[in-house]
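Just below is one structure, and these are the notes that go with it.
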Amino acid sequence: MNRGSEGVPAGDYGSLHTLRAERRVFGISFALMNYVRSLLRLKPMAEGKTFRVYPGQDIKTPVYARYGTSDFRVFQTVFLSREFHPLRQMQDVKLIVDVGANVGYTAILFCHMFPNAAIIAVEPDPGNFAILKKNTEPYGDRVRAIQAGVWGEPSRMKFTQSNYRGGDMWAKRAVASDSAEGSIQCITLESLLKETDADAIDILKLDIEGAEVSVFQNATPWISRVRCVSVELHDDTELGSATEAFDSLFSESTYNILHSGEKKIAILKSSKS
């Protein structure tokens, strides 16, 4: 996604797609005002400000979103595109680990999809983590927020931003780091299970900008304790192909493999679902 300096989706701002999406999220007046401003080549209204937005889907508590950041697109993916709906087939869900929890939208959705589940939300970015804490506060101790990165082994990582995919998109990519400066302390799924004293993870959600390759390549300590994995795969990082790492770990003989939007989902066939 091509972003301006403030994170505005520059390629989408002013498009009819964005007009329709903003109407659904912010209302017709706000959407039309921004559409007119785009035609006049003005910045989006309220760029950088934080809004309270109602997700719908029977979720009565509003969430916070920072206009002019990726929050808007994540909101669309989680609450409007409904990419996580295939997970509704899962039953008896007690623990969900949300890695790359961003600002907490998926954690909130999971709270409503699985009323008896506890959620561990892991997010490394300080700005996202602050909004994550704010968004999940109404859910009390059902959501435990941890500020950290996740890697395949104990290490440090950092995010880099570079142009790729034909030069028309921007994205952060996770890379290993030997330096403490500008990097993030990482934990492993094995250490997370030990720290939380959890026997198993019912749903593991991963959206970690390429670091899923390292996680999948070091899956032996945790893979037998996870019933379902939902991941957004990133194949164009220096870590290698996430799709190849996924396919080598989750065979169709053992897992039901589903596709939902940008998500790939593996559900253990022996799992109660």
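The values are calculated or read from the model by the stated rules, or taken from the named source; none is laboratory data. For clarity, every value in this text was computed on a predicted model and none was experimentally measured. Cβ placement follows ideal geometry from the backbone for every residue including glycine, while neighbour counts extend to all protein chains displayed.
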Legend entry - Filter result for the condition that a residue is in contact with a helix residue (DSSP H, G or I) (Cβ under 7 Å, 6 or more places away or on another chain) and among the hydroxyl-bearing types (Ser, Thr, Tyr), over Thr69, Thr77, Thr61: Thr61
Legend entry - Enumerated helices (runs of 4 or more DSSP H) restricted to segment 11-121, each holding at least 2 residues that are over 25 Å from Lys133 (Cα atoms), out of contact with any Leu (no Cβ under 9 Å at 6 or more places or on another chain) and modelled with pLDDT under 75: 16-26, 28-39
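Of everything in segment 227-273 that's of a type in the set (A, V, I, L, M) and touching a residue at least 40 places away in the same chain (Cβ under 8 Å), which residue is surrounded by the most Cβ atoms within 10 Å (Cβ to Cβ)?
At the first step, the residues of segment 227-273 found to be of a type in the set (A, V, I, L, M) are 229, 231, 233, 239, 242, 245, 249, 257-258, 265-268.
Among the residues that remain, those that are also touching a residue at least 40 places away in the same chain (Cβ under 8 Å) are: 239, 258, 265, 267-268.
Details: Leu239: 21, Leu258: 15, Ile265: 23, Ile267: 21, Leu268: 17.
For segment 227-273, the residue satisfying everything is Ile265.
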Inset, instruction - For segment 222-273, enumerate the residues that are assigned to a strand (DSSP E or B) and charged (D, E, K, R). - result: Arg227, Glu232, Lys263, Lys264
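This table checks each residue for (1) modelled with pLDDT under 95; (2) in contact with a strand residue (DSSP E or B) (Cβ under 8 Å, 6 or more places away or on another chain).
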{"residue": "Arg142", "(1), (2)": "no, yes"}
{"residue": "Gln161", "(1), (2)": "yes, yes"}
{"residue": "Ser177", "(1), (2)": "yes, yes"}
{"residue": "Leu192", "(1), (2)": "yes, yes"}
{"residue": "Ala219", "(1), (2)": "no, no"}
Legend entry - Selection from segment 233-273 of residues that are farther than 20 Å from Asp92 by Cα, charged (D, E, K, R), modelled with pLDDT under 95 and touching a strand residue (DSSP E or B) at 6+ places or on another chain (Cβ under 8 Å): Asp236, Glu238, Glu262
Inset, instruction - Output the number of the condition that Ala145 fails; it satisfies all remaining conditions of (1) outside any loop (DSSP other than H, G, I, E, B); (2) buried (at least 23 other Cβ atoms within 10 Å of the Cβ); (3) touching a helix residue (DSSP H, G or I) at 6+ places or on another chain (Cβ under 6 Å). - result: (2)
Legend entry - Failed item in (1) closer than 25 Å to Val229 by Cβ; (2) free of Cβ contacts under 8 Å to residues at least 60 places away in the same chain, with Phe51 passing the rest: (1)
Inset, instruction - Scan (1) out of contact with any Gly (no Cβ under 9 Å at 6 or more places or on another chain); (2) of a type outside the set (Val, Ile, Thr); (3) at pLDDT below 95 for the single condition Pro124 breaks and write down its number. - result: (1)
Inset, instruction - Kindly list, by first and then second residue, each pair from a residue in segment 82-108 that is over 16 Å from Lys264 (Cβ atoms) and among the charged types (D, E, K, R) to a residue that is modelled with pLDDT under 95 and surrounded by fewer than 18 Cβ atoms within 10 Å (Cβ to Cβ), limited to pairs with Cβ atoms under 7 Å and residues at least 6 apart or on different chains. - result: Asp92/Lys272
Legend entry - Selection within segment 233-268 - in contact with a helix residue (DSSP H, G or I) (Cβ under 8 Å, 6 or more places away or on another chain) and among the acidic types (Asp, Glu): Asp235, Glu262
Inset, instruction - Within segment 180-223, work out how many residues are exposed (fewer than 15 other Cβ atoms within 10 Å of the Cβ) and of a type in the set (Lys, Arg). - result: 1
